[in-house]
Amino acid sequence: MSTSKGSLIAIALSVAGCIDTDTAVFVDATIDNATLSAEQLPLGTALSGSFELTLHLGARASGPSEVGYLSFSIKSEAGDVIVDNLPVEASQPAPVTVDPGGSDSVVTFTLDTGAELGTEVFDQICAGPIIISGVIEDSLATSSTPVESEPFSPSGC
């Protein structure tokens, strides 16, 4: 069986096209689908909502990572912290194992503060777009990793 020079070049190019260019050797985290509802009550402000933490690890990583969640907060679009240490519940307990080159791991978080926040929080939340901000620990990295949602507008304002 003979192979022409053109066929070899075509095979080489097709193999080269399969090279994995995903450079995520540490966990790449994003906060997606964030929602927040604010309710002003006589004795305080109640917040409820949810968001997804998407965790991705490229095939070039040295191995799987164990990811822990440190904290989440609500910030103004300008970066000012409005509510620190949000009371959240995760759909999966930490640590979450993220495999290299595999499908992304998605953890859904729900939050409900009850009416325990001051009445001024309602005005701060409703003043403009907000951001859900968090910090995760990636066992492959040497330091914690910040992660933020895109700015979004809460409901109930």
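The values are calculated or read from the model by the stated rules, or taken from the named source; none is laboratory data. Since this is a predicted model, take the numbers as computed values, not measurements. Here the Cβ is made from the backbone with ideal geometry for all residues, glycine too, and neighbour counts use every protein chain on show.
For region 108-133, a residue qualifies if it is closer than 13 Å to N85 by Cα and among the hydrophobic types (A, V, I, L, M, F, W, C), and the qualifying residues are L111, L117, I132. Here S103 meets each of (1) more than 16 Å from T30 (Cβ to Cβ); (2) at pLDDT below 95 with one exception, condition (1). As for region 58-70, it holds no residue that is among the hydrophobic types (A, V, I, L, M, F, W, C), buried (at least 19 other Cβ atoms within 10 Å of the Cβ), closer than 28 Å to C157 by Cβ and touching a strand residue (DSSP E or B) at 6+ places or on another chain (Cβ under 6 Å).
Scanning region 100-115 for residues that are closer than 17 Å to F72 by Cα and either in contact with a helix residue (DSSP H, G or I) (Cβ under 9 Å, 6 or more places away or on another chain) or in a loop (DSSP other than H, G, I, E, B) (or both) yields T113, G114.
Taken over region 98-127, residues that are out of contact with any Leu (no Cβ under 8 Å at 6 or more places or on another chain) and at positive phi amount to 1.
What are the residues in region 72-119 that are of a type in the set (D, E) and without any contact (Cβ under 8 Å) to a residue 60 or more places away in the chain, if any? Matches in region 72-119: D80, D84, E89, D99, D104.
Tally up the residues in region 119-130 that are of a type in the set (V, I, T) and surrounded by fewer than 21 Cβ atoms within 10 Å (Cβ to Cβ), please. Result for region 119-130: 2. Scanning region 53-68 for residues that are within 28 Å of A127 (Cα to Cα) and touching a residue at least 60 places away in the same chain (Cβ under 8 Å) yields one hit, L53.
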